[in-house]
Amino acid sequence: MFDLLVKGGTLPDGTVADIGIAGDRIAAVGKLDAEAAKVIDAGGDLVSPPFVDPHFHMDATLSYGLPRVNASGTLLEGISLWGELREIATVEEMVERAVTYCDWAVSMGLLAIRTHVDTTPDHLRGVEAMLEVKRRVAPYLDLQLVAFPQDGLYRTKTGRQNVLRALDMGVDVVGGIPHFERTMEEGAESLRDLGRIAAERGLMWDVHCDETDDPMSRHVETMAREVTRHGLGGRAAGSHLTSMHSMDNYYVSKLLPLIAESGMTAIPNPLINITLQGRHDTYPKRRGLTRVKEMQAMGIPVGWGQDCVLDPWYSLGTADMLDVAFMGLHVAQMTHPAEMARCFTMVTETNAQIMGLTDYGLRPGCVASLVVLDAGTPTEALRLRPDRLAVVSKGKVVAERQRNDARVTLPGRPATARRRHG
Ligand code: FE2
């Protein structure tokens with residue numbers, strides 16, 4: 001007798017299985033003839049572990065147009081706009097917007113998010129708000145907070161002090177933004193400083209690193225060195241790494257083994273990188289996405305992050321990690337069947353690995369969180385970005401949706417036009 005039984009789902013590896021859930025854990029996977037208090041008939045639909053987003057800004061989300069839109073579309077105007085908004089936004093407003101965003105995330109099967117929280121203002125209202133959001137959504141969504149000195153660790157008087165204050169308040173992860181410090185030297189020093197803080201406190205470390213088109217922005221080299229020095233390994237992640245797009249190939253041939261040696265992970269954010277990078281170019285315009293396939297070939301874990309939804313940097317977004325993977329697949333030209341399948345794995349298993357989630361997956365003993373999609377395979381899910389028919393979080397059904405088939409009225413044609421194929 002299970003509390004919940006998901007019947008006949010197709011798992012990402014292609015096997016068809018039932019999933020029996022007891023309490024908040026997966027109790028059994030296979031051909032199950034058992035009773036259950038509630039049954040979800042997956043009927044061959046894809047059943048996946050939940051989507052995971054390892055890079056987001058929840059203190060800024062759903063604020064698009066406040067105090068006005070980003071006219072130039074650049075990263076720098078976005079930072080400047082956010083600098084105004086964070087001074088007028090109240091804790092209550094930020095909590096309300098973030099919790100609303102979490103509703104969207106749950107409906108899309110996105111059940112774990114790492115969000116960077118700006119620690120620049122001395123009032124630390126964003127930190128206060130995100131700690132409250134983390135507490136509120138904890139029953140159904142795992143939220144990880146990063147202490148993020150948006151305006152630089154050393155570029156503001158209290159930048160360093162406020163990162164430490166945020167960590168003392170309960171923020172989980174150490175952040176950083178070396179390319180935004182005043183000089184290359186201060187950027188490198190900020191990494192030595194922050195790496196030491198992460199190591200001494202036993203925390204994870206996630207740095208906005210080299211989010212620029214400048215090929216000489218080589219902070220990831222210093223970061224990898226510090227990750228190796230402190231033995232942080234996979235507890236450290238380099239976010240964006242867009243300068244690597246424009247770096248000299250010979251230099252990259254030395255850099256990638258250093259990153260691999262450190263064991264750190266990488267989080268490109270394709271929707272935002274393709275939108276913000278290359279803005280100073282005429283033609284040809286650089287894409288700005290980091291070297292995803294090349295890093296993966298070196299064994300470096302690479303996930304896809306979302307970064308922004310409806311905020312000063314990005315005017316769109318849906319909380320759908322399949323949109324993120326879809327864009328990444330295109331920009332990184334990951335079109336081989338094995339590469340497309342890997343793009344799905346990147347927004348599920350790899351992102352979970354990057355966030356250090358334990359008991360994640362569809363095996364007995366894992367946390368009973370999953371999503372049923374109106375698709376047959378991971379690749380079809382990427383093609384369709386289909387409805388999430390059911391979302392289960394920690395053993396409870398938290399979202400359900402009717403299958404949405406278009407009705408067509410054409411002479412001599414069937415009445416439905418399902419987009420699933422084969
Ligand atoms: Fe970011």
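The values are calculated or read from the model by the stated rules, or taken from the named source; none is laboratory data. It should be emphasised that the depicted structure is a prediction, and the values quoted were computed from it without experimental measurement. Every residue, glycine as well, gets a Cβ built from its backbone with ideal geometry; the counts of neighbours run over all protein chains shown. Accessible surface areas use protein heavy atoms only, side chains included; no ligands, DNA or RNA. Shrake-Rupley method; radii C 1.70, N 1.55, O 1.52, S 1.80 Å.
Annotations
- Positive-end residue of Val227, Leu76, Thr335, charge dipole of the chain with Cβ unit charges: Thr335
- Pairwise centroid distance, computed over Cα atoms, of region 290-321 with region 111-190, Å: 19
- Ligands, DNA and RNA aside, Asp168 has an accessible area near 110 Å² when probed at 1.4 Å.
- Normalised by the number of residues in the chain, the mean separation of alpha-carbon contacts (under 8 Å, six or more apart) gives a relative contact order of 19 percent.
- Check: the chain dipole with +1 on Lys, Arg Cβ and -1 on Asp, Glu Cβ, in debye: 820
- Cα point-scatterer Debye curve for region 322-422, base-10 log of I(q)/I(0) at q = 0.16, 0.23 Å⁻¹: -0.84, -1.27
- Normalised by 2.2 N^0.38 Å, where N counts its residues, the alpha-carbon radius of gyration of region 80-235 equals 1.06.
- Most simply put, the chain has about 45% antiparallel DSSP beta bridges, counting only bridges with both residues inside it.
- Kirkwood-Stokes translational diffusion coefficient of region 194-244, alpha-carbon pairs, 4 °C, 1.567 mPa s, µm²/s: 117
- Rg to Rh, two decimals, where the chain supplies the alpha carbon set and Rh follows Kirkwood: 0.98
- The string of couplings for region 25-35 from the Karplus curve (6.51, -1.76, 1.60, θ = phi - 60°) is 10, 6, 9, 7, 9, x, 8, 10, 10, 8, 7 Hz, one whole number per residue in order, with x for Gly and Pro.
- Reach of Lys394 by Cα under 23 Å, taken over lysines that are not fewer than 8 positions away in the same chain: Lys7, Lys31, Lys38, Lys134
- Coil-residue trypsin sites (Lys or Arg not before Pro) of region 172-254, DSSP, other Cβ within 10 Å capped at 16: Arg182
- Local net charge near Thr212, Cβ-Cβ under 13 Å (Lys/Arg +1, Asp/Glu -1): -3
- Positive dipole terminus of the chain, leading residue within Met130, Gln277, Gly175 (C-beta point charges): Gln277
- Counting only alpha carbon atoms, the long axis of helix 125-137 and the longest principal axis of the chain meet at about 20°.
- For Arg413, net neighbour charge (Lys/Arg +1, Asp/Glu -1) across residues whose Cβ lies under 15 Å away: +2
- Its Kirkwood hydrodynamic radius, worked out from the mean inverse distance over all distinct Cα pairs, puts region 74-154 at 13.4 Å.
- Rg/Rh for region 43-118 (Cα atoms only, Rh after Kirkwood) is 1.08.
- Accessible area in square angstrom per residue, region 51-355, 1.4 angstrom probe: 36
- Around Pro67: net Lys/Arg minus Asp/Glu count, Cβ-Cβ under 13 Å: -3
- Relative contact order (%) - region 130-187, alpha-carbon pairs under 8 angstrom, separation at least six: 35
- Dipole of region 51-355, positive end: most advanced residue of Gly65, Thr345, Trp104 [Cβ charges, Cα centre]: Thr345
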